[in-house]
Amino acid sequence: VQLQASGGGLVQAGDSLRLACVVSGGTASGFTMAWFRQAPEKEREFVAAIRENSGMKYYADSVKGRFTISRDSAKNTVSLQMNGLKPEDTAVYYCAARWPHTLRYYYADEYRMWGQGTLVTVSS
């Protein structure tokens, strides 16, 4: 399974961006898919996840109400719609996949499949 993330860029505070993660070699709906992010000199942190099959969604408190994770089965893609971006959202964003679902879905160590990362920079 390969994951290809895209959609990052340079935006101003308050703007929106949509990240996409295309899954190849597997079916997106068959995995728990997640987005993590890593800012300079910080640990990788959980952003959002969507559970395999059921599509139940999980969010970090820092992005709840601003970010939305979704899955498009026809395109075999998982997206992260980011609204109301803040400078503290600046990071490299990674998509990840695992099977089966785990209650530890918010731990990066639980994922073995990763995309290459896409940089999001939010200026104030």
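Throughout, read-outs are computed from the coordinates displayed, never taken from laboratory work. Quantities reported herein were computed from a predicted structural model and do not represent experimental measurements. Cβ atoms come from the backbone with ideal geometry, glycine included; neighbour counts cover every protein chain shown.
Could you derive backbone 3J(HN,Hα) for the range 48-60 from the dihedral phi with the Karplus parameters 6.51, -1.76 and 1.60 (θ = phi - 60°), listing whole Hz in sequence and x where the residue is Gly or Pro?
7, 8, 10, 6, 4, 6, 5, x, 4, 10, 9, 9, 6
Could you tell me which residue out of Pro100, Cys21, Ala49 lies farthest along the dipole of the chain toward its positive end? Charges go on the beta carbon: Lys and Arg +1, Asp and Glu -1, centred on the Cα centre.
Pro100
Enumerate the calculated ³J(HN,Hα) couplings along the range 66-75 in order (Karplus 6.51 cos²θ - 1.76 cosθ + 1.60, θ = phi - 60°), each rounded to whole Hz, writing x wherever the residue is Gly or Pro.
So the J values, rounded to whole Hz, are 10, 10, 9, 9, 8, 10, 10, 5, 5, 9.
Between Trp35, Trp99, Trp114, find the one with the highest GNM mean-square fluctuation for the chain; connect C-alpha pairs within less than 10 Å.
Residue with maximal mean-square fluctuation among Trp35, Trp99, Trp114: Trp99.
Which of the three applies to the chain, rounded, prolate or oblate, going by the alpha-carbon gyration tensor with a ≥ b ≥ c and a/c under 1.5 meaning rounded?
prolate
Can you tell me, using C-alpha contacts under 8 Å and at least 6 residues apart, the relative contact order of the range 66-124 as a whole percent?
35
Rounded, prolate or oblate for the range 54-124? Axes are the square roots of the Cα gyration tensor eigenvalues, ordered a ≥ b ≥ c, and the cut-off for rounded is a/c under 1.5.
prolate
Extent of the range 1-52 along each principal axis, from alpha carbon coordinates, in Å, largest to smallest?
Reported extents, whole Å, longest axis first: 35, 22, 18.
With each pseudo-label sitting 7 Å past Cα toward Cβ, what's the Gln2-Gln38 distance in nm, one decimal?
2.1
Could you work out how much longer the chain between Ala74 and Leu10 gets when fully extended? Use 0.36 nm per residue separation minus the Cα distance between them, nm to one decimal.
Full extension of this stretch gives 20.2 nm more.
Running a GNM on the chain with Cα contacts under 10 Å, which residue among Ser16, Ser70, Ser54 ends up with the highest mean-square fluctuation?
Ser54
Among the trypsin sites (Lys or Arg not before Pro) within the range 15-90, which fall in a DSSP loop and have no more than 14 other Cβ atoms within 10 Å of their own Cβ?
Loop-located and lightly packed - Lys42, Lys64, Lys75.
Tell me which lysines have Cα within less than 22 Å of Lys75's Cα, excluding those fewer than 8 residues away on the same chain?
Output for Lys75: Lys57.
In terms of Cα to Cα distance under 13 Å, which aspartates and glutamates are near enough to Lys64, apart from those fewer than 8 places away along the same chain?
Partners found: Asp89.
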